[in-house]
Structure formats: structure tokens, C-alpha cells
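Only one structure is covered here, and it is reproduced in the block below.
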Amino acid sequence: MTFAGAAAYVPAMIRACILAVLVACGSVQAQLAPPSAPVQRLAAVQADGTVEVLDGFVDLRAIKTIGGLDQETTERVNRFAREWLLDVQQQVIDNVDFVIQIEPLDGSTGYLDTINPQDPKSFERASKYALQLNSSGTLLNALLGRRVLSSEQAQSFQREVYNYDMALLRQVVGSGHDMTLSTRHQYRMSFRDALGMYHSLLDRAVSCIDRAVEALGPEAAAKVKPEVASVKAAKGRDEGRAAMRGLLQKLTHAQRRALLMKVRDLVPITNALSFV
């Protein structure tokens with residue numbers, strides 16, 4: 001576990017649980033009320049008034065969208081953010097078996113959507129997954145810890161992330177106080193960077209699938225020719241991801257890791273601010 005350290009995920013997980021309980025109990029109803037709610041600036045608002053759900057990396061998107069940093073600081077942020085992204089990417093590859101428990105390859109209900117707030121045991125797996133998938137912590141905390149950003153700079157970006165998170169929470173929970181719904185949503189948010197990186201690997205795999213399957217060896221690659229053809233025939237992001245999940249279903253855990261590592265090397269992350 002590198003960069004921010006193995007315990008860095010804990011504050012985010014604790015905040016997620018506390019906020020979910022407060023929302024469910026109605027204790028943050030004033031914050032959820034539209035008239036006094038801060039305006040979020042990170043995600044597009046759809047024609048129906050709903051906020052776009054960002055596919056992970058909200059901290060990085062805040063830095064890119066809000067800006068306001070001088071050139072030297074921006075370059076340092078870009079450099080250290082890339083290091084953080086590479087850590088997250090490796091954690092996802094090494095623990096892809098955990099990722100597909102959260103987001104099953106066959107499209108069935110994932111583990112986070114089965115959490116029962118009334119049953120403490122239902123949180124045990126989430127804690128185990130967090131140790132492996134969230135050990136890099138949040139990007140803004142990591143940049144603050146490395147003194148790439150000042151506390152004032154980090155807080156300004158964190159405020160924007162908070163505004164987006166609250167807007168999304170209002171959208172999910174609505175006017176109700178459903179503890180189960182809010183808890184599951186908050187836990188999913190705590191894994192959004194890992195899931196966003198997993199989606200990025202699927203997207204990049206589509207662009208290089210012929211070369212990526214070489215990592216499986218001739219015999220295994222020959223067995224997934226129909227799935228490779230489906231990936232190559234996919235039109236659009238959603239079809240591409242679905243086709244890639246179909247391919248991964250045919251592979252063992254070791255083969256999945258080998259394939260994703262090949263994708264990592266074939267289509268590397270070179271610039272953090274261009275990644276989102």
C-alpha cells in the first residue's frame with residue numbers, strides 16, 4: 001500500500017456512514033433543502049434537472065474544473081496526481097476479484113446494493129474491500145499531505161466536492177429518510193475512484209483488445225475469439241464495457257489480472273489532468 005498509506009481510507013468511510021445515518025434520520029434535512037443548498041459546479045445538470053453522476057475522480061475533476069492554481073502548482077499537482085492514479089490503477093488490477101463483487105460481470109446485484117444498515121455483519125466485506133481498493137485515500141488529502149496544495153487550496157476544492165456530493169445525495173434520497181438507500185449510496189461513493197479506474201481500464205481495453213489478449217497466451221486467446229470479436233464490434237462506451245465484461249467472465253482471476261496489466265502498459269496514464 002503506497003502513497004497516502006493503508007489507513008487513509010478510514011476517514012472517508014466514517015464520513016460516509018455518519019452522513020448516511022444523519023440523512024436517514026432527517027438530521028441534515030436543512031442541508032438537503034433546495035433553497036439553501038450550495039450550487040455544485042462539477043457535473044452537468046440534465047434537461048430533467050438531475051445532476052450527472054460522475055464516473056469517479058471527483059477530486060481531480062474539481063481541480064481541473066475550478067482551477068485557480070499557478071503554473072508551478074498545477075504542474076506539481078499533475079505530477080503527483082498521476083502517481084496517485086497509478087496507485088489506484090494497480091490496486092484495481094491486483095484486486096479485480098473484489099471489484100467484480102461490487103460490480104458483477106453478469107450484471108446481477110452487487111454486494112454494496114445488499115448492505116443492510118441494521119446488520120453490522122453486512123459491513124464486514126465493505127471494510128475488507130476498502131483496505132485493498134481505497135488504501136491510497138482521496139486525492140485531495142494525498143496532495144495536502146505531500147504539501148502540493150496548501151490547506152486553503154485543498155479546502156476550496158473539497159468544498160466543491162462536498163457541494164456535488166450533497167446535490168447527488170439529494171437526488172438519490174429525495175424527500176425520504178430511507179437509511180438503507182442512503183447508506184448503500186454513501187458506500188458506493190466511497191469506492192467511486194476504484195470503480196472509475198476499473199471502467200477506464202475497460203474503455204482502454206476496447207481500443208487495444210487484439211494486443212491485450214496476447215497476454216493470455218495463444219491457447220487462452222483462441223478460446224475467447226468470439227468475445228474479442230464482440231468487443232471490436234461494440235459501438236459506444238456502454239456496449240464496449242458490456243462486451244469487455246463478457247470477455248472477463250470467460251477468464252480466471254489470474255488471466256483477468258494479466259489482461260488488465262497488458263492494457264495498463266499498452267494505454268498508459270501519462271497526464272492526470274487529461275485523464276478526466
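The values are calculated or read from the model by the stated rules, or taken from the named source; none is laboratory data. Fair warning: this is a prediction, and the values are worked out from it, not measured in the lab. Using ideal geometry, Cβ is built from the backbone for each residue, glycine included, and neighbour counts are taken over all protein chains shown.
I need the full set of residues from the range 237-259 which are under 13 Å from VAL213 (Cβ atoms) and outside any helix (DSSP H, G or I), in order please.
Of everything in the range 237-259, those that are under 13 Å from VAL213 (Cβ atoms) and outside any helix (DSSP H, G or I) turn out to be LYS250, LEU251.
Contact list please: Cβ distance under 7 Å, first residue in the range 131-158 and assigned by TED's automatic domain parsing to the domain that holds GLY56, second residue of a type in the set (Ser, Thr, Tyr) and part of a helix (DSSP H, G or I), pairs at least six apart or on different chains.
ASN134/SER190; LEU144/SER151
Condition test on ALA43, is it modelled with pLDDT under 95, closer than 21 Å to MET189 by Cβ and surrounded by fewer than 15 Cβ atoms within 10 Å (Cβ to Cβ)?
Judged against the criteria, ALA43 is not a match.
Out of (1) surrounded by 12 or more Cβ atoms within 10 Å (Cβ to Cβ); (2) at pLDDT below 95; (3) under 30 Å from ASN95 (Cβ atoms), what's the single condition that is false for ARG61?
Looking at each condition in turn, ARG61 falls short on (2).
Which ones in the range 94-131 are in contact with a helix residue (DSSP H, G or I) (Cβ under 6 Å, 6 or more places away or on another chain) and of a type in the set (S, T, N, Q)?
ASN95, GLN101, ASN116, listed by residue number.
Considering only the range 72-86, I want to know if a residue exists there that is outside any helix (DSSP H, G or I) and modelled with pLDDT of 95 or more.
no
Taking only the range 213-244 into account, find how many residues are closer than 18 Å to MET261 by Cβ and either of a type in the set (Val, Ile, Thr) or surrounded by 13 or more Cβ atoms within 10 Å (Cβ to Cβ) (or both).
10
Of all residues in the range 88-137 being within 16 Å of the chain's Cα centre (by Cα) and among the aromatic types (Phe, Trp, Tyr), which is farthest from LYS262 (Cα to Cα)?
Result: TYR111.
Kindly list the number of the only condition in (1) β-branched (Val, Ile, Thr); (2) within 19 Å of the chain's Cα centre (by Cα); (3) in a helix (DSSP H, G or I) that fails for ILE269.
With (1) β-branched (Val, Ile, Thr); (2) within 19 Å of the chain's Cα centre (by Cα); (3) in a helix (DSSP H, G or I) applied to ILE269, the lone miss is (3).
Please determine whether any residue of the range 220-228 is more than 23 Å from VAL276 (Cβ to Cβ), under 21 Å from the mean Cα position of the chain (by Cα) and not aromatic (Phe, Trp, Tyr).
Within the range 220-228 (the criterion being more than 23 Å from VAL276 (Cβ to Cβ), under 21 Å from the mean Cα position of the chain (by Cα) and not aromatic (Phe, Trp, Tyr)), the answer is no, since none of the residues qualifies.
Taking the condition of being within 30 Å of LYS232 (Cα to Cα) and either outside any helix (DSSP H, G or I) or acidic (Asp, Glu) (or both), how many residues in the range 167-218 meet it?
Counting residues in the range 167-218 that are within 30 Å of LYS232 (Cα to Cα) and either outside any helix (DSSP H, G or I) or acidic (Asp, Glu) (or both) gives 7.
Could you tell me which of the residues TYR198, TYR129 is within 30 Å of GLY49 (Cα to Cα), surrounded by 18 or more Cβ atoms within 10 Å (Cβ to Cβ) and of a type in the set (Phe, Trp, Tyr)?
Answer to the selection: TYR198.
Is it the case, given these coordinates, that ALA142 is in contact with a strand residue (DSSP E or B) (Cβ under 9 Å, 6 or more places away or on another chain) and part of a helix (DSSP H, G or I)?
So ALA142 does not fit the description; no.
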